Amino acid sequence: MNFEWSLFEFTLADCQLLSRAVQATPTLRVLRLPRSKVDNERGRLLISRLLDHPSLTTLDLSHNKLGDGAGRALGKLLNGHAPSLICLDASSNSIGETGGVSLGHALQGNSTLRELNLRMNRLGDEGAQPLLKALLRNSTLTSLNLASNDIGEPSAPALSEMLVANSSLTSINLACNKFGEAGGRLIQEGVEENSTLVTFDLRLTEISQESEYCINQIVKSNLDRQKS
């Protein structure tokens, strides 16, 4: 028999059983369900059983079929209902504007999450800006990945403002978005006022070579200073 995961479905009944098992296991620290064809319905069900879980530190729902419904559920989870969650990976899904707004609202008051990966979703500017604005207040998150989310020049002012105000982020990935040269200059202005960022991926974002070079030099200086 040729075994392939694609031959099997993560059914609603499977999800219900798993959700109950997770809820009944308060010592569970890591839950990974990548590439499991988890859609909105299954995602919302699973996340609802994770509310107020006392020990969960890592949740990986990457490479699934989550949309805005699951994005809102994740926002609720992060909004005071995930006391131990440190790492959330929801990359390679279909979370859009509404999900981004919910996650941004939750991040404003969240004090535990350190790593957020939303790479390859569908946030757009309207979904990304609430996340960036939330980081004006959030002082816990250290790593943010918003690569490949159709974010453009309209988000550059919010990004620049966040870079000036935030002192906890050390790693940002915004590759494969479209900020353009004007957006790149705004981002550069923000980075010039930032002393904590040591990794900043802006590949394939249509900013000028000059801006990209200046940003990379500043980030490198931050890294060298922290090593010394």
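For Gly75, indicate whether it is open to solvent by less than 40 Å² (accessible area, probe 1.4 Å) and either out of contact with any Asp or Glu (no Cβ under 6 Å at 6 or more places or on another chain) or aliphatic (A, V, I, L, M) (or both). In short, yes. When Leu18 is tested against (1) out of contact with any Lys or Arg (no Cβ under 8 Å at 6 or more places or on another chain); (2) at pLDDT 95 or above, only condition (2) is not met.
The residue of the range 133-154 that is farthest from Ala82 (Cα to Cα), among those that are open to solvent by less than 10 Å² (accessible area, probe 1.4 Å) and not small (Gly, Ala, Ser), is Ile151.
Which one is most open to solvent (accessible area, probe 1.4 Å), of the residues in the range 112-132 that are touching a Cys at 6+ places or on another chain (Cβ under 8 Å) and assigned to a loop (DSSP other than H, G, I, E, B)? Ranking the candidates gives Arg114 first.
Taking every residue in the range 125-139 that is over 14 Å from Leu169 (Cβ atoms) and pairing it with any residue that is open to solvent by less than 10 Å² (accessible area, probe 1.4 Å) and hydroxyl-bearing (Ser, Thr, Tyr), at least 6 positions away or on another chain, the pairs with Cβ-Cβ distances below 6 Å are Asp125/Ser155; Ala128/Ser155; Gln129/Ser155. Here is a check on your reading of the model: is Ala106 crowded, with 22+ Cβ neighbours inside 10 Å and hydrophobic (A, V, I, L, M, F, W, C)? Yes, satisfied. Val198 meets the conditions (1) under 21 Å from Ala128 (Cα atoms); (2) open to solvent by less than 40 Å² (accessible area, probe 1.4 Å) in every case but one. The failed one is (1). A Cβ distance below 6 Å, combined with a sequence gap of six or more or placement on separate chains, defines the contacts here; from the range 34-49, residues that are within 14 Å of Asp89 (Cα to Cα) and touching a residue at least 24 places away in the same chain (Cβ under 8 Å) reach residues that are assigned to a helix (DSSP H, G or I) and of a type in the set (A, V, I, L, M, F, W, C) in the pairs Gly43/Ala70; Ile47/Ala73; Ile47/Leu77.
Test Ser155 against the stated conditions and say whether it is assigned to a helix (DSSP H, G or I), farther than 25 Å from Ser102 by Cβ and of a type outside the set (Asp, Glu).
Judged against the criteria, Ser155 is not a match.
For the list (1) open to solvent by 20 Å² or more (accessible area, probe 1.4 Å); (2) closer than 18 Å to Gln108 by Cα; (3) in a helix (DSSP H, G or I), I need the number of the one condition that Ser167 fails. Failing condition for Ser167: (3).
A quick yes/no check of all residues on (1) over 19 Å from the mean Cα position of the chain (by Cα); (2) small (Gly, Ala, Ser):
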| site | (1), (2) |
| --- | --- |
| Ala128 | no, yes |
| Ser143 | no, yes |
| Ser148 | no, yes |
| Glu153 | yes, no |
| Gly183 | yes, yes |
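Set side by side, the residues Arg203, Arg185 differ, and just one is outside any loop (DSSP other than H, G, I, E, B), in contact (Cβ under 8 Å) with a residue 12 or more places away in the chain and open to solvent by 80 Å² or more (accessible area, probe 1.4 Å), which is Arg185. Please work out if Glu193 is farther than 18 Å from Leu144 by Cβ and surrounded by fewer than 20 Cβ atoms within 10 Å (Cβ to Cβ). In short, no. Among the candidates Lys220, Lys178, the residue that is more than 15 Å from Ser160 (Cβ to Cβ) and touching a strand residue (DSSP E or B) at 6+ places or on another chain (Cβ under 8 Å) is uniquely Lys178.
The values are calculated or read from the model by the stated rules, or taken from the named source; none is laboratory data. Just so we're clear, the structure is a prediction, and the values are computed from it rather than from any experiment. Cβ sites come from the backbone with ideal geometry, for glycine too, and all protein chains shown count toward neighbours. When the accessible area is computed, the model is the full protein with side chains, heavy atoms only, and any ligands, DNA or RNA have been set aside. Shrake-Rupley method; radii C 1.70, N 1.55, O 1.52, S 1.80 Å.
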